[in-house]
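The values are calculated or read from the model by the stated rules, or taken from the named source; none is laboratory data. Not measured: the values here are computed from a predicted model. Counting neighbours? That spans all protein chains shown, and the Cβs are built from the backbone with ideal geometry, glycine included. These accessible areas exclude ligands, DNA and RNA; they are computed on the full protein's heavy atoms, side chains included. Shrake-Rupley method; radii C 1.70, N 1.55, O 1.52, S 1.80 Å.
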Amino acid sequence: MSQGSNNGGGSSSSAGGGSKTIVVRARGTTGQEQIRLRVNNTTVQTWTLSTNMQNYTATTNLSGGSVVEFFNDGGNRDVQVDYISVNGNIRQSEHQTYNTGVYQNGQCGGGNGYSEWMHCNGAIGYGNL
Ligand code: CA
Ligand code: CA
């Protein structure tokens, strides 16, 4: 079961590497938005988004619930997350019911999710890794 200790070098600032590769495809409306990938309540990596859809990649050995959190809302900042992929398996944001950042029914997180958007500080949940 060992994956060995293949650290590989690289220039990213991710926390430790690991056997699971997570790609977050997202953009922000102003280019100032910051998001972080959290697994089992541990931050794996933080990114500042572009206004164009881009893929942001992290690796981890963590298991547990996975969320993408938007945490610096303000001004005109909003975040659109197309999907995450876990070792190549895509989990669409618009298929997830946990979204505390989307503005629905008059409040942040006030609906049933199924949205790519976070207008407010909050998170989209993508299930367990
Ligand atoms: Ca999508
Ligand atoms: Ca906003």
The extension gain from residue 32 to residue 54, computed as 0.36 nm times the residue separation minus the Cα-Cα distance, is 6.5 nm
Amide H neighbours of residue 122 at under 5 Å, excluding residues fewer than 5 places away on the same chain, with H built from the backbone geometry, are 70
Packing-ranked peptide list from 89-96, 31-38, 105-112, highest mean Cβ count within 10 angstrom first, is 31-38, 89-96, 105-112
For the pair residue 104 and residue 63, the simple spin-label estimate (label points 7 Å beyond Cα toward Cβ) gives in nm 3.0 nm
Between the modelled labels at residue 90 and residue 76 (7 Å from Cα along Cα→Cβ) the distance in nm is 2.9 nm
Taking a probe of 1.4 Å and leaving out DNA, RNA and ligands, the chain shows per residue an accessible area in Å² of 52 Å²
Dipole check, the chain, charges on Cβ (K,R +1; D,E -1), about Cα centroid: among 108, 64, 35 the Cα furthest to the positive pole belongs to 64
